[in-house]
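What follows draws every value from the coordinates through simple rules; no lab data is involved. Note that the structure is predicted; figures quoted are calculated from it, not measured. We place every Cβ from the backbone using ideal geometry, glycine too, and count neighbours over all the protein chains shown.
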Amino acid sequence: MPELPDVEDARHELSRWLTGTTVVELHLSDTRLGRGKRAPPPAMVAGRRVLGVGRRGKWLRIDLGEVLLFSHLGMTGKWTCRSPGAPAERSERAQIVVRRRRARLCVGYVDARRLGRLVVTRDDIPEWRALGPDPLADGIDVPRLIVELGKQRRAVKVALMDQSLLAGIGNVHATEALFFAGVDPRTRTDALSPRQVRAVARGVRRTLARSLARYRKARARGGSGYVSEEGPDDFVVYGREGEPCPRCGARIERIVLGGRGTTFCPRCQRRS
DNA sequence: CTCTATGTTTAATT
DNA sequence: GAATTAAACATAGA
């Protein structure tokens, strides 16, 4: 579930479940979550108060005061909430048991493919520090983008997925943003006009806003502790190879860029 | 069985 | 150096 809007939804839920509670215990049933680095010592979190849950790009940071818990959802990670007695989902890899007054709650991390990460530290991790500005929290600095993109030669879609340029955009939203911008995903970044860069920035804001609004609506309706996922119908060109372009009717094409499937309209999306 | 998948990192190659 | 490509991680679904 992992691009900016999905992670922001996870942050929202995690914050509701955790903020203001006290950690009873953290249990990690999968050592791979730390990626071979020093295995996180779960003992250092017991008894700590959860001060809040932050997000930058696709990373989550649970603030325990002196200690930080970083979470990246990879491809299939998600956070869930259950009562401590209830059975865990199949691929639950970690549990955080917390206490709010008398009541106990078990917040579980579920990740079938185990491409996610979970790291306990006292300082910000390098991956977090390396992130570029977050389009939601920091906004998009278009003049900076024009300068940065002008220095590079790679395809604009690959650049959009670079987390050090803008944090939080993945394959889906890069694909959607470029459709909204009317820009061919193969366009070299140094060939983009300032006008095109502005269009790309607007496209990014638009696709993120659409998803964020969907999550807001799902939460307002569905209520508690339930993460809704976006489906194939929620996107305009992503996953729609062979279908007619919603704007001009031309056949949506699929290519591979940066190792990822990329759909676009060959008529609406121009190189220059 | 084959192909694909909302991510990241590392190594090899151009 | 920069850019591209492939592989690896491990699993589910079409």
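Quick notes on this one:
- Label point at A:R153 placed 7 Å out along Cα→Cβ; residues across the range A:180-209 whose backbone nitrogen lies under 14 Å: A:188-191
- For the range A:41-69, the residues whose amide N sits under 16 Å from a probe point set 7 Å from the Cα of A:V24 along the beta carbon direction are A:45-50.
- By the helix-only formula, in which each DSSP H run with n ≥ 4 contributes -39500 (n - 2.57) and the sum is divided by residues, chain A has a 222 nm mean residue ellipticity of -8500 deg cm²/dmol.
- Local electrostatic count at A:R48 - Lys and Arg +1, Asp and Glu -1, tallied over other residues with Cβ under 15 Å: +2
- Within the listed set A:R198, A:R102, A:R153, the residue fluctuating most in the Gaussian network model of chain A (springs between alpha-carbon atoms under 10 angstrom) is A:R102.
- For chain A, modelled as a GNM whose springs connect Cα atoms under 10 angstrom apart, the maximal fluctuation among A:G74, A:G258, A:G108 occurs at A:G258.
- Value of Rg to Rh for the range A:149-247 (Rh from inverse mean 1/r over Cα pairs, i.e. Kirkwood): 1.03
- Result for chain A in a Gaussian network model with C-alpha springs under 10 Å: among A:V53, A:V24, A:V98, the largest mean-square fluctuation is at A:V24.
- Cα gyration tensor category, rounded, prolate or oblate, for chain A with a/c compared to 1.5: prolate
- Highest mean packing comes first when the peptides A:61-73, A:77-89 are listed by Cβ atoms within 10 Å, giving A:61-73, A:77-89.
- Residue order, fewest to most beta carbons within 10 Å, for A:K58, A:K151: A:K151, A:K58
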